Structures are given as C-alpha cells and as structure tokens.
C-alpha cells in the first residue's frame, strides 16, 4: 500500500514538474532529479525503483529540451540584432507574463489546461514587451524594437513548446519506470 501511495505521489510530482516548464522553470531537471532519487534511494525490489536506462533517457530528454529552448530564445532576438538589455528584459517579461498567465488562465473555461495555455501565451507576450522596452531603452527606433520583440515572442514560444515536448518524453519515461 505504501508503494502504491509513493508511486502516485511521484507521478503527481513529475506532472507538476512538467507544468513548471511552461513557466520557464527547470521542470525537466526536476523530473531528472526525481528519477535519480528513485534510482539511488529505492531498492531494486520496489516498484518505484528507476533503472539506469530510464534515467539516461530522461537526462538526455532534459538536456535536449534545454538546448532547444536556449537556441530558440537566443536566436530569436539576437538574429534580429537585439541588445543585451533587450534580451534581459525579454527574459524578465517572459517570467512575469508566465506567472501572470497562471492567474489569468482561470478566465479560460478549461480547468488546468486554460492556465497552462495562458501562461505560455502571456510568457511569450512578456518576452515581446520586455524586448521592445529594452531596445527602446537602448536607443533603437520603434520598427527595429518591434521586429526584435516579435522575434523574442516566437523564440520564447517555440523554445518553451520544444522544451515541453522533451519534458513530456522525460515525464512519460519516468512515470512508466515508476509503475512498471
């Protein structure tokens, strides 16, 4: 009975960690840490033990997700000639927008999913707004600032989606390893 409760708890923690990806938080690394803890702290005879193969797959999925998110975000604004100030404010706006999306997501009539969609979209809008403010502050004109903001929007959106897809793989492997 204790094993069953632990498996349910680990599944809930993994799903919560996956959702953290949409906020720009390191959710994939949290799943990796859970898997590592199950490997090293749980005896092989228990159902919540995670094998080395599963841990390596989860680790690779987390690494690929981070690389894709970083590449999409970095290439987004810098490709258009974004400044460091614009990039920094895009990151701040992105995190603020993602957190605000959790609260405003309650206005979307789809439980849980509405919050995640709002968090994803407001995070991208926050990157857009932050990049524009940063580029205007750096002395760029409106047209250049809006182009850089647009690139930051799409970089954030695509990077987060790519990271979430890799997180889905990591989470699925973890949950399968815990239950099988």
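For the range 58-90, a tally of residues being closer than 18 Å to residue 154 by Cβ, under 13 Å from the mean Cα position of the chain (by Cα) and either modelled with pLDDT of 85 or more or crowded, with 17+ Cβ neighbours inside 10 Å (or both) returns 6. Considered as a group, the residues in the range 27-48 that are surrounded by fewer than 16 Cβ atoms within 10 Å (Cβ to Cβ) and more than 17 Å from residue 60 (Cβ to Cβ) include one that is farthest from the chain's Cα centre (by Cα), and that residue is 45. Could you tell me whether the range 24-43 includes any residue that is in contact with a helix residue (DSSP H, G or I) (Cβ under 9 Å, 6 or more places away or on another chain) and under 26 Å from residue 145 (Cα atoms)? Checking the range 24-43: at least one residue is in contact with a helix residue (DSSP H, G or I) (Cβ under 9 Å, 6 or more places away or on another chain) and under 26 Å from residue 145 (Cα atoms). Note on the range 108-124: among residues that are in a helix (DSSP H, G or I) and free of Cβ contacts under 8 Å to residues at least 40 places away in the same chain, the one that is surrounded by the most Cβ atoms within 10 Å (Cβ to Cβ) is 124.
For the range 133-179, filtering for residues that are within 30 Å of residue 3 (Cβ to Cβ) and either in contact with a strand residue (DSSP E or B) (Cβ under 8 Å, 6 or more places away or on another chain) or in contact (Cβ under 8 Å) with a residue 40 or more places away in the chain (or both) leaves 14. Among the residues making up the range 91-107, a single one is touching a residue at least 40 places away in the same chain (Cβ under 8 Å), touching a helix residue (DSSP H, G or I) at 6+ places or on another chain (Cβ under 6 Å) and surrounded by fewer than 23 Cβ atoms within 10 Å (Cβ to Cβ): 102.
Can you go through 162, 127 and tell me which one is assigned to a helix (DSSP H, G or I) and surrounded by fewer than 24 Cβ atoms within 10 Å (Cβ to Cβ)? Lay out the reasoning, then the answer.
On the way: 127 fails: surrounded by fewer than 24 Cβ atoms within 10 Å (Cβ to Cβ).
Only one candidate qualifies: 162.
The values are calculated or read from the model by the stated rules, or taken from the named source; none is laboratory data. Only a predicted model underlies this, so the values are computations on that prediction, with no experimental measurement involved. Backbone-built Cβ (ideal geometry, glycine too); neighbour counts: all protein chains shown.
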